[in-house]
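What follows is a short report on a single structure.
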Ligand SMILES: Nc1ncnc2c1ncn2[C@@H]1O[C@H](COP(=O)(O)OP(=O)(O)OP(=O)(O)O)[C@@H](O)[C@H]1O
Ligand SMILES: [Mg+2]
């Protein structure tokens, strides 16, 4: 089981869209995916028809297990979707209180790790959609993931969020005493705008070693896909957005032979 966390300390940069899009593409390859909604706002849960305001259990429940984790209890918190290989561990609005309730309790940074270990036999990929701020949920995600994906909107204000995120990552790496790989993903790219082109140049200069060498373009079909609650690749496979996420996935899986073409056509 591989665990990928999708995080940036900035809102509206394409975190949830990236999680859903990659899960859609992975499921088409037959990989079993668990999408973990670690954002109390619950956009990912809503995407698949779960209401975070009325949700009982879900991810919140895992913080109240007093260190006792079993596959049965953990599996009970998971809900299935209409898509064969995609399940969701949903958020509830109560998660917003977790930092106040649990923030100083020992072991609270390792809850995801313990719970996900119980699900090792059931999933090939776990994708964790993080909230846009640092707290117990993001710390848990960074503590358990094998790889961090950082979507960054190609505009100047978003670069600050990336700076914060990389700083947080270094703190976590120090406490984990490991090196964690991260990939910066330029999103919402519109090559007609100076802001997009300028921000991309800054990313290329400052994050060269960790930058995915292509972009996710603006594609209005993402909004339509979220309105219908379907990953875009399963709704409109021939869109620019799907093509871009397909290339991103190939890159993440180390199958990036088509990348040179994409970079050349940018
Ligand atoms: N490449 C794209 N092209 C057009 N619209 C997009 C694209 N990516 C995301 N969006 C839209 O932008 C909005 C914000 O995206 P998303 O919810 O994925 O961001 P987020 O980082 O998860 O936000 P939050 O921090 O609020 O959870 C959504 O309405 C989404 O449909
Ligand atoms: Mg989101």
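Within region 209-224, is there a residue that is part of a helix (DSSP H, G or I), modelled with pLDDT of 95 or more and within 16 Å of ligand 2 (Cβ to nearest atom)?
Looking for residues that are part of a helix (DSSP H, G or I), modelled with pLDDT of 95 or more and within 16 Å of ligand 2 (Cβ to nearest atom), one finds at least one in region 209-224, hence yes.
Regarding residue 11, is this residue surrounded by fewer than 19 Cβ atoms within 10 Å (Cβ to Cβ), within 16 Å of ligand 2 (Cβ to nearest atom) and within 24 Å of residue 248 (Cβ to Cβ)?
Working: surrounded by fewer than 19 Cβ atoms within 10 Å (Cβ to Cβ): yes; within 16 Å of ligand 2 (Cβ to nearest atom): yes; within 24 Å of residue 248 (Cβ to Cβ): yes.
So residue 11 passes the test.
Could you please let me know if residue 137 is within 13 Å of ligand 1 (Cβ to nearest atom), outside any loop (DSSP other than H, G, I, E, B) and either surrounded by 14 or more Cβ atoms within 10 Å (Cβ to Cβ) or at pLDDT 95 or above (or both)?
Numbers: within 13 Å of ligand 1 (Cβ to nearest atom): yes; outside any loop (DSSP other than H, G, I, E, B): yes; either surrounded by 14 or more Cβ atoms within 10 Å (Cβ to Cβ) or at pLDDT 95 or above (or both): yes.
So residue 137 passes the test.
Would you be able to say whether some residue in region 83-96 is more than 16 Å from ligand 1 (Cβ to nearest atom) and over 19 Å from residue 16 (Cβ atoms)?
Checked region 83-96: at least one residue is more than 16 Å from ligand 1 (Cβ to nearest atom) and over 19 Å from residue 16 (Cβ atoms).
Given the criterion touching a residue at least 12 places away in the same chain (Cβ under 8 Å) and assigned to a loop (DSSP other than H, G, I, E, B), identify the matching residue among 149, 119, 157. Give the derivation first.
On the way: 149 fails: assigned to a loop (DSSP other than H, G, I, E, B); 157 fails: assigned to a loop (DSSP other than H, G, I, E, B).
Sole residue among the options that is touching a residue at least 12 places away in the same chain (Cβ under 8 Å) and assigned to a loop (DSSP other than H, G, I, E, B): 119.
Looking at residue 171 and the list (1) loosely packed, with under 14 Cβ neighbours inside 10 Å; (2) touching a strand residue (DSSP E or B) at 6+ places or on another chain (Cβ under 7 Å), which single condition is not satisfied?
Of (1) loosely packed, with under 14 Cβ neighbours inside 10 Å; (2) touching a strand residue (DSSP E or B) at 6+ places or on another chain (Cβ under 7 Å), only one is false for residue 171: (2).
Looking at region 89-112, is at least one residue outside any loop (DSSP other than H, G, I, E, B), touching a residue at least 60 places away in the same chain (Cβ under 8 Å), in contact with a helix residue (DSSP H, G or I) (Cβ under 9 Å, 6 or more places away or on another chain) and within 27 Å of residue 150 (Cβ to Cβ)?
Of the residues in region 89-112, the ones outside any loop (DSSP other than H, G, I, E, B) are 89, 93-102, 108-112.
Checking the rest, the ones that are also touching a residue at least 60 places away in the same chain (Cβ under 8 Å) come to 112.
Add one more test, that the residue is in contact with a helix residue (DSSP H, G or I) (Cβ under 9 Å, 6 or more places away or on another chain), and what stays is 112.
Okay, now just the ones that are also within 27 Å of residue 150 (Cβ to Cβ), so 112.
The answer is yes; a qualifying residue exists.
Let me confirm something: among 49, 67, which residue is modelled with pLDDT of 95 or more and on the phi > 0 side of the Ramachandran plot? Let's see the steps before the verdict.
Working: 67 fails: modelled with pLDDT of 95 or more.
So the residue among 49, 67 that is modelled with pLDDT of 95 or more and on the phi > 0 side of the Ramachandran plot is 49.
Scanning for something surrounded by fewer than 20 Cβ atoms within 10 Å (Cβ to Cβ) and within 18 Å of the chain's Cα centre (by Cα), does region 98-108 turn up at least one residue?
Looking for residues that are surrounded by fewer than 20 Cβ atoms within 10 Å (Cβ to Cβ) and within 18 Å of the chain's Cα centre (by Cα), one finds none in region 98-108, hence no.
Taking region 42-51 on its own, how many of its residues are within 12 Å of ligand 2 (Cβ to nearest atom) and either more than 11 Å from residue 16 (Cα to Cα) or not in a loop (DSSP other than H, G, I, E, B) (or both)? Explain how you work it out, then say what you get.
Initially, region 42-51 is screened for residues within 12 Å of ligand 2 (Cβ to nearest atom), giving 42-47.
The next check asks that each one be either more than 11 Å from residue 16 (Cα to Cα) or not in a loop (DSSP other than H, G, I, E, B) (or both); those that pass are 43-47.
Selection size over region 42-51: 5.
Scan region 123-132 residue by residue and report those that are assigned to a loop (DSSP other than H, G, I, E, B) and either in contact with a strand residue (DSSP E or B) (Cβ under 6 Å, 6 or more places away or on another chain) or surrounded by 16 or more Cβ atoms within 10 Å (Cβ to Cβ) (or both).
Quick first cut of region 123-132, residues assigned to a loop (DSSP other than H, G, I, E, B) only: 123-124, 130-132.
123, 130, 131, 132 - these are the residues of region 123-132 that are assigned to a loop (DSSP other than H, G, I, E, B) and either in contact with a strand residue (DSSP E or B) (Cβ under 6 Å, 6 or more places away or on another chain) or surrounded by 16 or more Cβ atoms within 10 Å (Cβ to Cβ) (or both).
Please state which one of 188, 169, 134 is in contact with a helix residue (DSSP H, G or I) (Cβ under 7 Å, 6 or more places away or on another chain) and within 16 Å of ligand 2 (Cβ to nearest atom).
Values: 188 fails: in contact with a helix residue (DSSP H, G or I) (Cβ under 7 Å, 6 or more places away or on another chain); 169 fails: within 16 Å of ligand 2 (Cβ to nearest atom).
From the options 188, 169, 134, the qualifying one is 134.
Tell me which of these residue 50 doesn't satisfy, since it passes every other one: (1) touching a residue at least 60 places away in the same chain (Cβ under 8 Å); (2) over 12 Å from the mean Cα position of the chain (by Cα); (3) within 16 Å of ligand 1 (Cβ to nearest atom); (4) surrounded by fewer than 24 Cβ atoms within 10 Å (Cβ to Cβ).
(1)
So which residues in region 76-96 are under 16 Å from residue 111 (Cβ atoms) and loosely packed, with under 13 Cβ neighbours inside 10 Å, if there are any at all?
Correct list: 76 only.
The values are calculated or read from the model by the stated rules, or taken from the named source; none is laboratory data. These numbers come from a predicted model, not from an experiment. All Cβ positions, glycine included, derive from the backbone under ideal geometry; neighbour counts span all protein chains shown.
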